[in-house]
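Trainee: Next up is a structure, given as structure tokens.
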Amino acid sequence: MQFKYVIYEKNDGVATITLNRPEALNAFNDEVVNEVLQALEDAEKDENIRVVVLTGAGEKAFSAGADIKTMKGFNALKARELSLLGEKLCSAIEKLEKPVIAAINGYALGGGLEVAMACDLRLASEKAKMGQTEINIGLIPGWGGTQRLTRLIGKTKAKELIFTGKIIDAKTAEQIGLVNMVIPAEQFRETVQKFARELASKAPIALKIAKALINKGADMSLDAAIALEREGFGVIGSTEDLQEGVTAFIEKRKPVFKGK
Ligand code: CAA
């Protein structure tokens, strides 16, 4: 698939979506969002794809957020539309039935961080910098940041980041639980692909159900979420992949999962 602002590649079960608008630090406009949505749709449909990686082109940015230049002369309706656009993207990532990894290669600011937070895992280059910087232009996060950041790192730190608009480095982000791991810059892209390929070798149906349970369960009562887990566990009980995993364990070999 050919896009204007996105590079879309597929290798070894991993689809990599690279935001490619480096002249604006990969800021999101309508076209960028729509192209990422199309790439996600393709990755969902393609049975050979088991994991998606979302990253930014160049050394400097994952994404510097929503395109600030489009906000000149804004009004309430346009702001609401922008909020809906980002939410559509974040929701598509969360609902995708495959793990999505944000590979944060540089700045992830405002909407850039919000999109990364909708991903299942966040791997950061040691050069990555993150922040909900909207307050600095008189705005608040509008792509779910007030909610997803709070759910990820708690009210205390979420308020600090959103109220001050400060930019934190990768190590600090790891310490507060915002990213899963920090990777040396020179090995970043290679390590991310290796990590993604490893994830792609896991049982796809188990990954899909685990993702849905964790995402849905977070907004449910513990009793209801545990009941849902039981049903998911039940579904997995009938998969060929479970039998393959058990047989491989007994035969002391590596399992080969087919997503069946
Ligand atoms: N929108 C549009 N263009 C952007 C942009 C953005 N979010 N961020 C950077 N750019 C553009 C700059 O305007 C500049 O282009 P020009 O040379 O044509 O002016 C180019 O990218 C390079 O940026 P800088 O020259 O500013 O680079 P720098 O190294 O000096 O600074 C930076 C880097 C600290 C990331 C700075 O660019 C910055 O603060 N960017 C804005 C980050 C931000 O506040 N994002 C939040 C946006 S609002 C939002 O996302 C709302 C929401 O919740 C959805």
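Trainee: Residues of the chain: accessible area per residue at 1.4 Å, in Å²? Kindly include the intermediate steps, with their values, before the conclusion.
Mentor: Details: 13900 Å² over 260 residues.
It amounts to 53 Å² per residue over the chain.
Trainee: Return the carbon/sulfur percentage of the accessible area of region 6-200, one whole number, probe 1.4 Å, all protein chains in place. Display every interim value, and only then the final one.
Mentor: Values: 4760 of 9120 Å².
Here it works out to 52 percent.
Trainee: Moving on to the next point. Quick check: pseudo-label points 7 Å beyond the Cα along Cα→Cβ at ARG253 and ALA225, how many nm apart are they?
Mentor: Rounded to a tenth, the inter-label distance reads 3.9 nm.
Trainee: For the chain, what does the relative contact order come out to in percent, with C-alpha contacts under 8 Å and a separation of six or more? Walk me through the intermediate numbers first.
Mentor: Values: 466 pairs, mean separation 40.2, N = 260.
Reported as a whole number, the value is 15 percent.
Trainee: Might you report the magnitude of the Cβ-based charge dipole of region 204-251 about its Cα centre, with Lys and Arg at +1 and Asp and Glu at -1, to the nearest 20 debye? Before the final figure, lay out each step's value.
Mentor: Details: 4 positive and 8 negative charges, 42 e Å.
The dipole magnitude comes to about 200 debye.
Trainee: Also, quick follow-up: What are the aspartates and glutamates whose alpha-carbon lies under 15 Å from the alpha-carbon of LYS129, with same-chain residues fewer than 8 places away excluded?
Mentor: Once the sequence-local aspartates and glutamates are set aside, what remains near LYS129 is GLU59, GLU114, ASP169, GLU174.
Trainee: Looking at region 6-200, what % of its DSSP beta bridges pair antiparallel, to the nearest 5? List each step's numbers first, then the result.
Mentor: Working: 8 of 31 bridges.
Expressed as a percentage, antiparallel bridges in region 6-200 total about 25.
Trainee: Next question, about the same structure. Could you pull the accessible area for ASP223 with a 1.4 Å probe, rounded to 10 Å²?
Mentor: ASP223 has an accessible surface of roughly 130 Å² with all protein chains in place.
Trainee: Tell me the carbon and sulfur percent of the accessible area for region 204-251, rounded to whole percent, probe radius 1.4 Å. Mind showing how you got there, number by number?
Mentor: Values: 2160 of 3260 Å².
Carbon and sulfur: 66 percent of the exposed surface of region 204-251.
Trainee: Taking square-rooted eigenvalues a ≥ b ≥ c of the alpha carbon gyration tensor, is region 156-223 rounded, prolate or oblate, where a/c under 1.5 means rounded and, failing that, a/b exceeding b/c means prolate?
Mentor: Details: a/c = 3.75, a/b = 1.10, b/c = 3.40.
Because a/c hits 1.5 or more and a/b fails to exceed b/c, region 156-223 counts as oblate.
Trainee: Round to a whole angstrom and tell me the spacing of the C-alpha centers of region 103-133 and region 139-158.
Mentor: Each part's Cα centre sits 13 Å from the other's.
Trainee: Would you mind computing, in nm to one decimal, how far apart the modelled labels at ALA76 and ASP12 are, each placed 7 Å from Cα along Cα→Cβ?
Mentor: 5.3
Trainee: How high is the relative contact order of region 53-175? Use alpha-carbon pairs under 8 Å, at least six apart in sequence, and give a whole percent.
Mentor: Relative contact order, region 53-175: 26 percent.
Trainee: Restricting to DSSP loop positions (anything but H, G, I, E, B) with no more than 11 other Cβ atoms inside 10 Å of their own Cβ, which GluC sites (Glu not before Pro) remain in region 206-260? Spell out each step's value before the answer.
Mentor: Numbers: sites: GLU229, GLU231, GLU240, GLU244, GLU251; in loops: GLU251.
Here the sparse-neighbourhood loop sites are GLU251.
Trainee: Taking Cα centroids, how far is region 230-260 from region 199-223 in Å?
Mentor: Here the answer is 16 Å between Cα centres.
Trainee: Past 20 Å, Cα to Cα, is the threshold; run LYS98/LYS194; LYS211/LYS258; LYS10/LYS258; LYS60/LYS127; LYS10/LYS60; LYS98/LYS216 against it and keep the listed order.
Mentor: Details: LYS98/LYS194 17 Å; LYS211/LYS258 18 Å; LYS10/LYS258 18 Å; LYS60/LYS127 9 Å; LYS10/LYS60 23 Å; LYS98/LYS216 15 Å.
From LYS98/LYS194; LYS211/LYS258; LYS10/LYS258; LYS60/LYS127; LYS10/LYS60; LYS98/LYS216, over 20 Å: LYS10/LYS60.
Trainee: Of ILE93, PRO22, GLY106, which is farthest along the charge dipole of region 1-158 in the positive direction, counting Lys and Arg as +1 and Asp and Glu as -1 at C-beta?
Mentor: GLY106
Trainee: How high is the relative contact order of region 178-256, in percent, with contacts defined as C-alpha pairs under 8 Å that are six or more residues apart?
Mentor: Details: 25 pairs, mean separation 15.3, N = 79.
Taking the mean separation of contacting Cα pairs over the length of region 178-256, I get 19 percent.
The values are calculated or read from the model by the stated rules, or taken from the named source; none is laboratory data. This one's a predicted model, so the numbers in the text were calculated from it and none came from an experiment. When we count neighbours, we look across all protein chains shown, and the Cβ atoms used for this are built from the backbone with ideal geometry, even at glycine. Accessible surface is based on the protein model in full, side chains and every heavy atom, while ligands, DNA and RNA are left aside. Shrake-Rupley method; radii C 1.70, N 1.55, O 1.52, S 1.80 Å.
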